[in-house]
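None of the figures in this text is laboratory data; all of them are computed from the coordinates on show. Keep in mind the model is a prediction, meaning the values are calculated, not measured. For neighbour counting, all protein chains shown are included, and Cβ atoms are generated from backbone atoms with ideal geometry for every residue, glycine included.
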Amino acid sequence: MAQVLDFLLLIALCSISECVQHQYHFINEKKEWADAQSYCREKYTDLATVDNMNDTNELMKSVNDGGNQYVWIGLQRKWQWSSGEPALFLNWGNKQPDGKDECAFMRNGQWEDGKCSDPWIFVCYNNKLIVIQQNLSWSEALRYCRQNHVDLVSVQSVEMQHRVMNVVKLASTEAVWLGLRHSCALGIWFWVSGETVCYQNWAPGNGTSEEDCEPTVRSGAVQYGGDQTWISRPETDRLNFICRNYYL
């Protein structure tokens with residue numbers, strides 16, 4: 001029965017377009033980069049982080065005129081995000097960066113470096129990850145996140161893995177549930193939120209397509225210690241878990 005449910009769930013998810021990890025908020029006030037950063041950290045999570053072209057498109061949609069203005073994003077020298085994460089996705093405009101300035105703004109979807117003291121409008125993002133210190137089965141954790149937040153967390157990039165590593169320290173169990181599930185019917189792993197499984201961070205010997213499906217379905221968890229890589233666990237194990245919450 002569990003295999004049939006996995007199969008039906010996977011079919012439904014395959015029809016969902018790839019999700020973005022950030023909820024963007026356009027702020028139509030002109031501020032210097034540092035003041036924009038402080039505003040975003042107080043009201044939301046931080047100045048906008050952009051991990052891929054999906055994020056870029058969503059960020060442009062959030063701006064009133066579609067992006068034909070100078071709009072601060074959370075990128076600064078040495079071209080890392082305001083959160084301290086490395087910028088692994090870059091979308092510089094022609095002959096950019098020119099090396100003259102320390103902060104980055106977006107115009108028409110592409111990035112340019114600019115003087116941090118210039119006053120521009122800006123975009124903040126919300127992407128709170130919340131560790132729930134309750135010991136629940138994977139299915140119970142999924143239900144809890146969807147009823148109280150958005151979903152169990154998906155980790156589809158190095159950047160998101162870093163965020164997970166930061167919050168998993170708050171857990172009280174040796175591993176913490178992710179929104180990762182194995183389909184015995186198809187022999188694959190998938191994120192229940194619909195994101196494409198491109199990035200992987202499995203511990204050696206985990207995450208294979210040939211999982212032991214007896215007596216219960218396997219689900220994915222991130223280890224509390226060590227390199228905080230992912231492991232395969234029976235879904236009936238009772239662990240803490242990480243919910244994703246767009247809204248404060």
- prompt: In nm, to one decimal, how far is the modelled label at residue 95 from the one at residue 80, with both set 7 Å along Cα→Cβ?
  reply: 3.0 nm
query: So what J values fall out for region 157-173 if you push phi through Karplus, 6.51 cos²θ - 1.76 cosθ + 1.60 with θ = phi - 60°, rounded to Hz, Gly and Pro as x?
result: 7, 4, 4, 5, 4, 4, 5, 4, 4, 5, 8, 5, 5, 7, 6, 10, 10
- request: Kindly give the semi-axes, whole Å and largest first, of the ellipsoid equivalent to the chain, taking each as the square root of 5 times a Cα gyration tensor eigenvalue.
  value: 37, 18, 16
- request: Enter the angle in degrees (range 0 to 90, nearest 10) between the Cα long axis of helix 138-148 and the first principal axis of the Cα atoms of the chain, meaning the one along which they spread out most.
  value: 40 degrees
task: Give me 31, 61, 78 ranked fewest to most by other Cβ atoms within 10 Å of their Cβ, as a rough exposure proxy.
output: 78, 61, 31
statement: Dividing the mean separation of Cα pairs under 8 Å (6+ apart) by the residue count of region 23-125 yields a relative contact order in percent of 43 percent
task: Run the dipole for the chain about the Cα centre, Lys and Arg Cβ at +1, Asp and Glu Cβ at -1, nothing else charged, and hand back the magnitude in debye, nearest 20.
output: 420 debye
Label-to-label distance, nm, for residues given as residue 208 and residue 110 (7 Å Cα→Cβ offset): 4.8 nm
- prompt: Toward the positive end of the charge dipole of region 73-210, about the Cα centre and with charges on Cβ (Lys, Arg +1; Asp, Glu -1), which of 124, 187, 87 goes farthest?
  reply: 124
- prompt: What ranking, highest mean first, results for peptides 89-95, 227-233, 150-156 when packing means the other Cβ atoms within 10 Å averaged over each residue?
  reply: 150-156, 227-233, 89-95
task: Amide H neighbours of residue 207 under 5 Å, at least 5 residues apart or on other chains, H built in the peptide plane: list them.
output: 232
message: Can you tell me, using C-alpha contacts under 8 Å and at least 6 residues apart, the relative contact order of the chain as a whole percent?
response: 24 percent
- line: Counting only residues 5 or more apart in sequence or on a different chain, those whose built amide H sits under 5 Å from that of residue 31 are 120, 121
Given 43/78; 61/115; 100/128; 61/169; 31/100, the pairs whose alpha carbons are separated by over 29 Å: 100/128; 61/169
field: Estimated dipole of region 23-125 in Debye, rounded to 20 [Cβ of Lys and Arg +1, of Asp and Glu -1, Cα centre]
entry: 100 debye
field: Positive dipole terminus of the chain, leading residue within 222, 158, 39 (C-beta point charges)
entry: 39
field: Neighbour-count order for 26, 105, 241, fewest beta carbons within 10 angstrom listed first
entry: 26, 105, 241
Principal-axis tilt of helix 33-43 within the chain, Cα atoms, nearest 10 degrees: 40 degrees
query: Roughly how tilted is helix 53-62, in degrees to the nearest 10 and between 0 and 90, from the longest Cα axis of the chain?
result: 60 degrees
